[in-house]
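Only one structure is covered here, and it is reproduced in the block below.
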Amino acid sequence: MSPSTGDLIQFPRRAAGRVVDTVGSTITAPVRAIWPVHSVDDFGRDPHLIGAVTPLAKLRWDVTVGGLEHLPHRKGALLVCNSRRWSLTPIYAALALSEACGRPVRFVGRPDIAPFGPLLRRLGGLLAQPADVLGALRHDELVLLPTEPTAHPRHAGAVAHRLLGPAVEAGVGIYPVATMSSALGRTARAEVGAHVRPRHSRRGPLAEVELAEQVQHHLQRMLDGFGGVQTGVAPLDWLAEG
Amino acid sequence: MLVSGMGGELGSLVAAKLENEPWVGSLVGIDVDPPRRRLRLAEFHLLQPSQRERIVEVVTKFNPHVVINLSVWEPDARAGLAHARQFTADATTAVIGAAAECPALEGMVVRSGLEVYGRGRNSPTRPDETAVLHPTSEYGKMLAEIERQARAVGRRVKIAVGKLRLAPVLGKHVPSPLGRVLRQPVVPFSALADAPFAVIEDGDAATAFVAAAHGRLDEPVNIVAPGAITALQAILRGHRVPLALVGPEWWLAGKLSHMVGAPIPDHVVELMHRGRLADGAKAGELLGFAPKLTTPEVIDHLYAWESVVRIGSVGGEIEGVA
């Protein structure tokens, strides 16, 4: 049935509108070719940017990932990794774990100041705030929380118990991730450990305080299991042991 | 059912949807502009926000069971900041105050926005409804005041008060400063931040209001389309020319944009610099509400300007033909 005249209003397309479209398309075509107009996810993580950055990250770190069988397939989890000072551990570990398990892994600890904060948010960074961590865990996301950074590569720093609280509240598992990287070499490792279960059932804030100590202990045991530095030159290995 | 703000695009959509609901008896609307859609059942009163006594008279005479308050003037959408602030304050006082005088009143649903959370340093990236309200823009402060007044009345007369915190509402005919800025030929964006934001389509927002009124919602709920987008991504999707700005030149860009008819209020600048995301999961749990369009789809619709608009009948049959 053809519509009657009264049913339709015809808005003529303005010539100016066509000019805007043409000029805009021409100018932005090269940009769109190299930077497709993908959107970011609900938390601001940009899979396209990560896809572009990953090859560069692989030039710096050759990460061996292990222990993925411990991670839940669909549910959220809080992963806690050790961190060596200035090593960018959360970034390379999150990128490597994401690629290995096929799920986005977000890391905690981006600053909230431009331009680094927004850039790290696009790489999957969350603020070191319980609300941000809880929001992600409630939506079944994998969140990587670094410990306090240490100078020694095989020492696990203290775990911020206020950031473990969201995992207790959301009822998700906590998994230690032992990481090791070299300041000069490309070789790096990220090993996921088994689910850390609390020794005591607590109703109050002691739950996360005790869990934080337990996770640090687990991490330290895993790092001890990695063994020392193995360059093939014994004196260098002894020196590296500090 | 009483809809305050029925003349706006969102109010007209809400009214059209309410007319199709079997649980809605009589429907009365008030606003400063006549409804933008053909309504079959609604009774409309053309009233200025300053006509408080007349508003009180109309509302109390009707004695509604539910009031939906959409009388919110977003700065630089239909009025400048000073007028928007004044109109919103007047309308809120009159409508919420009048509603409190109605003995049959069971519930009230008020329009609010994600701007109430504010975007201060270290504020949550994706706040849920439990986040502390700390508005950092004029519009956010206006909305927080509406929530405060509605909450106070709710406690006093013991009615359910639902607060729908909408993401920026976009649609082809919605007067929105964000939509207007994004549709300019050359669109500024923050080169250092290019922060992600979420939006909601006007039809989805209207659906949420109907669901909230039906369910006698009694708490705040975020209404957000799934997904997010950055200003640069939106600009490229719309085939506009991006203009990267880093700081002080935002002032000049704002003035130029104002001159060409697309003023950039502080809450839009804040959105471009700091982003605006929110957790919308609670809307699904409490209202059974799921937006039809994702954020990137809403942005695509914003740019898909129609050549023909079908205005045959209102309600679900309204659709644009590209």
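Which whole number gives the average count of other chain Cβ atoms within 10 Å of the Cβ atoms across peptide B:5-12?
0
Out of all DSSP beta bridges in chain B, what portion is antiparallel? Express it as a percent rounded to 5.
10
Rounded to the nearest 10 degrees, what's the angle between the helix B:202-214 long axis and the longest principal axis of chain B, both from Cα atoms, 0 to 90?
That works out to roughly 30 degrees.
Compute the FRET efficiency between A:H48 and B:W23 as 1/(1 + (r/R0)^6), taking r as their Cβ-Cβ distance and R0 = 51 Å, and round to the nearest 0.05.
0.65
Ignore the peptide's own chain and count Cβ atoms of other chains within 10 Å of each Cβ in A:40-48; give me the average, rounded.
6
If I model a spin label at B:R78 and B:T60 as a point 7 Å from the Cα along the Cα→Cβ vector, what separation in nanometres do I get?
Going from the B:R78 label point to the B:T60 one covers 2.6 nm.
Just to confirm the number: angle between the C-alpha axis of helix A:15-34 and the first principal axis of chain A, 0 to 90 degrees, nearest 10?
Result, in degrees: 30.
Per residue of B:191-198, count partner chain C-beta atoms within 10 Å of its C-beta, then hand back the mean as an integer.
6
Taking 0.36 nm per residue of separation and subtracting the Cα-Cα distance, what length does fully extending A:R199 through A:I27 add?
Roughly 55.7 nm would be gained on extension.
Give me the one-decimal nm value for the distance between modelled label points at A:V19 and B:L46, 7 Å along each residue's Cα-to-Cβ direction.
Result: 3.7 nm between the two label points.
Once the Cα atoms of helix B:249-259 and of chain B are each reduced to a long axis, what angle between those two axes, in degrees from 0 to 90 to the nearest 10, is obtained?
Tilt relative to chain B: about 60 degrees.
Can you work out the PRE-style zone for A:S182? Point 7 Å along Cα to Cβ, and I want the residues of region A:40-83 with backbone N under 14 Å.
Of the residues in region A:40-83, A:60-64 have backbone N under 14 Å from the label point off A:S182.
Report the label-to-label distance for B:V157 and A:L236 in nanometres (one decimal), using points 7 Å from each Cα along the Cα→Cβ vector.
So the two model labels end up 8.0 nm from each other.
So for the protein assembly as shown, if I pair up every lysine 8 or more residues apart or on another chain, how many of those pairs have alpha-carbons under 21 Å apart?
10
Expressed as a whole percent, how much of the Cα-Cα distance distribution for region B:1-130 exceeds 24 Å?
The proportion of pairs with Cα distances above 24 Å equals 32 percent.
Just rank B:R276, A:R189, fewest to most, by other beta-carbon atoms within 10 angstrom.
With the fewest neighbours first, B:R276, A:R189 line up as A:R189, B:R276.
If you take the Cα Rg of chain B and divide it by 2.2 N^0.38 Å, with N the number of residues, what do you get?
Scaled against compact globular proteins, the figure is 0.95.
Computed from the coordinates by the stated procedures, all read-outs in this text should not be read as laboratory data. Predicted, not measured: the structure shown is a model, and the values here were computed from it. As a convention, Cβ positions derive from the backbone with ideal geometry for all residues, glycine included, and neighbour counts pool all protein chains shown.
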